[in-house]
1. Give the residues of the stretch 145-183 that are within 14 Å of residue 225 (Cβ to Cβ) and open to solvent by 40 Å² or more (accessible area, probe 1.4 Å), sorted by residue number.
2. Quick check on my filter: what residues within the stretch 89-123 are over 32 Å from the mean Cα position of the chain (by Cα) and open to solvent by 30 Å² or more (accessible area, probe 1.4 Å)?
3. Take residue 348 and tell me if it is among the β-branched types (Val, Ile, Thr), open to solvent by less than 30 Å² (accessible area, probe 1.4 Å), at pLDDT below 70 and part of a helix (DSSP H, G or I).
4. Might you let me know whether the stretch 219-227 holds any residue that is at pLDDT 90 or above and more than 35 Å from the chain's Cα centre (by Cα)?
5. Among the residues of the stretch 165-184, are any more than 18 Å from residue 125 (Cβ to Cβ), touching a helix residue (DSSP H, G or I) at 6+ places or on another chain (Cβ under 6 Å) and at pLDDT 90 or above?
6. Suppose we filter the stretch 394-410 for residues that are at pLDDT below 80 and either touching a Lys or Arg at 6+ places or on another chain (Cβ under 8 Å) or surrounded by fewer than 16 Cβ atoms within 10 Å (Cβ to Cβ) (or both); how many remain?
7. Take residue 376 and decide whether it is open to solvent by 60 Å² or more (accessible area, probe 1.4 Å), of a type outside the set (Gly, Ala, Ser), under 15 Å from residue 39 (Cα atoms) and assigned to a helix (DSSP H, G or I).
8. Looking at the structure I just gave you, is residue 421 at pLDDT below 80, under 15 Å from residue 323 (Cβ atoms), aliphatic (A, V, I, L, M) and open to solvent by 60 Å² or more (accessible area, probe 1.4 Å)?
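The values are calculated or read from the model by the stated rules, or taken from the named source; none is laboratory data. Since the model is a prediction, treat every value here as computed from it, not as a measurement. Ideal geometry is used to build each Cβ from the backbone, glycine not excepted, and the neighbour counts take in all protein chains shown. Remember, those area values only see protein heavy atoms, side chains included, never the ligands or the DNA or RNA. Shrake-Rupley method; radii C 1.70, N 1.55, O 1.52, S 1.80 Å.
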Amino acid sequence: MAIRAGLIDEIVRMAFDTVRNNKMRSGLTVLGVVIGITSIVGMTALIRGFDSSLRESIAAVGPDTIFVAKFSGVSMASGADFQELLKRPNMMPQDAEAIERGAPSIQMVDIILGDGGPPTQERVYYAGERTKSLNIQGSTEAYAEVMKLEMELGRYFTANEVQRRAQVAVIGQTAYQALFPSVDPLGKTIRIGLREYTVIGVVAERPSPGFDVGVDDFVMIPHTAYQKQFGIRAYRMGRGEMRSILLAAVPRPGVPRERAMAEVEAVMRIRHNLRLDQPNDFDLLTQDSILKLWDQISSATFFALVVISSIALMVGGIGVMAIMTISVTERTREIGVRKALGARRVEILWQFLLEAVFVTSTGGVIGILLGSSIGLLIHLASGFPVSLPWWSFALGMGFSAGVGVLFGMIPAIRASRLDPIEALRYE
């Protein structure tokens, strides 16, 4: 056993010496492997980081909230024609009232105008300062509870303010920092378009699913005030019309979500005069359906990443095979000497196979370091969330070592089968 361990140690040292003495050749050989492993580790870090952050953002809304939309990514992912989706009836504020009356399991329904379609964007002004274009949204008083908003300052508007179309506003962090960097915003008058609104609250920073996607770029006003200023905006898109309306329904405590969804679905089907044999012309979304859609997207993205990276690994593997074949040819006489001194075929095979694995594994280590560094640099530069799970490193090392075994086997077998007498005669 000690002799066998000594032989393995000698083979490893010989493989290391060969790589060290041929730095340029080895570097060019592992280039494809480095590119492939860098892609796998770097993109895995970004995808996993975005995945974790997105799940936290979605979870903040609550698992039982039911969103009703004209259409969504779920419909498009199922293969529905976009032009046909545009022909669906638009959501209307009256739908929320119908759900509250006709769905006993629903505790509250929020109307969100300026969402669920092309957003309403306006600059916000205060005392000579202005913001970039922000999303202006209208809602009921239930929005803060439905969306689990945390208030940093002040309060959200009340049902009375919604009913009397009060011109009050709750601003996000973007407007707060741009307009009131050193001033208490509560009670101050801001201008949205041509109308003035009194700031009554500031929403705390909201969790972002990744880089700056504008989750804090909003101003909330009562949906009645929104309709008074903007109407219910309709956008012509192709052969259909799109309104920026989204409904959010929250079931009563203890009511199964499936029952609540069934009641909401029944109310909406009646509202849209659908027969029993007709499919829904609206979408019902929950946290689970959104996460399921994301799982499909992320799985497809990761699969595409592996396929693309595999091409680079294959190129690197072909380089390994070519270089190892040249190495066998150059060292034919060395192989003959070793065999004449008693080296067996399996030992020669292991020597060249380990050289190939050592080269590709070195490329794997470099690729892991580069991929991790790229992910961390992107995080530091843009704030994009990054996750570096241990299995991504194991995957990178496994791929790189596997390339060495797969593409180094043929040259190693060729070296082990050389006739010692012919090898000693080789010049």
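1. Once the filter is applied, which keeps residues that are within 14 Å of residue 225 (Cβ to Cβ) and open to solvent by 40 Å² or more (accessible area, probe 1.4 Å), the stretch 145-183 yields 158, 159, 160, 163, 164, 165, 167.
2. Selection gives 94, 97, 100, 101, 102, 104, 107.
3. Values: among the β-branched types (Val, Ile, Thr): yes; open to solvent by less than 30 Å² (accessible area, probe 1.4 Å): yes; at pLDDT below 70: no; part of a helix (DSSP H, G or I): yes.
It is false that residue 348 is among the β-branched types (Val, Ile, Thr), open to solvent by less than 30 Å² (accessible area, probe 1.4 Å), at pLDDT below 70 and part of a helix (DSSP H, G or I).
4. Looking through the stretch 219-227, at least one residue is at pLDDT 90 or above and more than 35 Å from the chain's Cα centre (by Cα).
5. Yes: the stretch 165-184 contains one or more residues that are more than 18 Å from residue 125 (Cβ to Cβ), touching a helix residue (DSSP H, G or I) at 6+ places or on another chain (Cβ under 6 Å) and at pLDDT 90 or above.
6. 1
7. Values: open to solvent by 60 Å² or more (accessible area, probe 1.4 Å): yes; of a type outside the set (Gly, Ala, Ser): yes; under 15 Å from residue 39 (Cα atoms): yes; assigned to a helix (DSSP H, G or I): yes.
The answer is yes for residue 376.
8. Working: at pLDDT below 80: yes; under 15 Å from residue 323 (Cβ atoms): no; aliphatic (A, V, I, L, M): yes; open to solvent by 60 Å² or more (accessible area, probe 1.4 Å): yes.
When the stated conditions are applied, residue 421 does not pass them.
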